[in-house]
1. So how strong a dipole does the chain carry about its Cα centre when Lys and Arg Cβ are +1 and Asp and Glu Cβ are -1, to the nearest 20 debye?
2. Which whole-Hz couplings ³J(HN,Hα) result when phi for each residue of the stretch 203-209 is put into the Karplus expression 6.51 cos²θ - 1.76 cosθ + 1.60, θ = phi - 60°, listed in order with x for Gly and Pro?
3. Once you have the Cα-Cα distance between Leu361 and Asp344, take 0.36 nm times their residue separation minus that, and quote the gain in nm to one decimal.
4. Counting only other residues whose beta carbon sits under 10 Å from that of Val322, what net charge do I get with K and R as +1, D and E as -1?
5. If we sort 175-182, 41-48 on the protection proxy, mean other Cβ atoms within 10 Å, highest first, what's the order?
6. Using Cβ contacts closer than 10 Å as the measure, can you line up Ser266, Ser241 from fewest to most?
7. Can you give me the Cα centroid spacing of the stretch 109-152 and the stretch 221-253 in angstrom?
8. Report the net charge of residues surrounding Ala286, where surrounding means a beta-carbon distance below 14 angstrom and charges are Lys +1, Arg +1, Asp -1, Glu -1.
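Please treat every number below as a calculation from the coordinates, not as lab data. These numbers were taken from a predicted model, which means no experiment stands behind them. All Cβ positions, even for glycine, are placed from backbone atoms using ideal geometry, and neighbour counts span all protein chains on display.
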Amino acid sequence: MPTHSCPIVKRIAVLTGGGDCPGLNAVIRAVVLDAISCGMSVVGVEDGYLGLIENRFREMTEADMVGILARGGTILGSNNKSNPSKFPVGQNPPPPAGDGKVIYKDVTDRCLANLREHGVEAMVVIGGDGTMTSAATFSQMGIPVVGVPKTIDNDIEGTEITFGFQTAVDTATEAMDRCRTTADSHHRAMIVEVMGRNAGWIALHSGVAAGADVILLPEIPFKMETIYTKIMSRSKRGRKSTLVCVSEGAAPQGGAKVVARVDPLSPDPIRLGGVGKFLAEQIEEATGVESRYAVLGHVQRGGTPSAYDRVLSTLLGNHAMVLLREGKVGRMVAVQGGRLTDIDLREPAGRQRLVRADEPLIAAARAVGATFGE
Ligand code: F6P
């Protein structure tokens, strides 16, 4: 029996956009089961906005929700290269015949036609800042949309927590615990590179949780000298191993972030990575301490969500449905001051919630002996 009021719409679509993240399926489950319980039908859009553009929809039933709560990834598939307002449709010929540039087209009308064809009256869109920006466009075009923020990076403006973050932190912490034992046994410096794009949330939380001696964040440019001093002073005190947790976006003072690859078709083309290798080489050369690095990469994004993230995903998915039933659309669900709330879908567009200098965990980390390398 539904425990809530009747729907204002009868048929909704759900899609997951951007990079995958633990807890996506738990949100889908919360949305679909809630919708079905109050008499709505739900259609899933495959591969994020790409499926919306290519008209790939599928009915979602209660049976589809069985066993997905604990499953990583997204049963709908996702895509991080499909902005309907700027969709790549081809490429000019290379020089000298042309300029070789990608040709983009606004295909939002095609998406609206596809939604109409499937009788969709409203959408729940689960994704990051790029996905929310496109959701805001559909909302402005008259489609009732509610967004659910997702990213392991925890960097979406307007919400203090995103699902998937805690699982990524748990994974990174466990990896660092394992690296620490090798560092101790071999008296090495062990550098562990974690994800996070331009935000240091994963590095800060997992670094503190693993008791890292050096934590390097994109928000605090570091000095190599400070890191060397830390390692040498530890050696003098008989601590022959050092654990360094570095965010992929961290960079030396006056230096640039290390770019792993550029993906020209992606709305956010820069892929960071490689600072761990750089640090290991520099540290070994300058201090003589044998150094190794490990890049955790997509291990942090995959796999089963933690219990915390399953709960958070269920709460956020449910809150999206509450908003939809209340007709409160064009909104993104959010957590502020530990409470569920909602903000304008346009608020996160083009912004990133970075670690601030006055973040209490920075002071707490320093108090237990960690350095941020500044
Ligand atoms: O935003 C999530 C994230 O995993 C970042 O931490 C990372 O920089 C990026 O996505 C990697 O993207 P891709 O999966 O396209 O390589």
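1. 400 debye
2. After applying 6.51 cos²θ - 1.76 cosθ + 1.60, I find 5, 5, 5, 6, x, 5, 5 Hz.
3. That pair, Leu361 and Asp344, stretches by 3.3 nm at full extension.
4. -1
5. Values: 175-182: 17.1, 41-48: 21.8.
Going from most to least packed, we get 41-48, 175-182.
6. Ascending Cβ contact count within 10 Å gives the list Ser266, Ser241.
7. Answer, in whole Å: 45.
8. On the way: positive: Lys223, Lys230; negative: Glu225, Glu281, Glu284, Glu285, Glu290.
Charge balance near Ala286 sits at -3.
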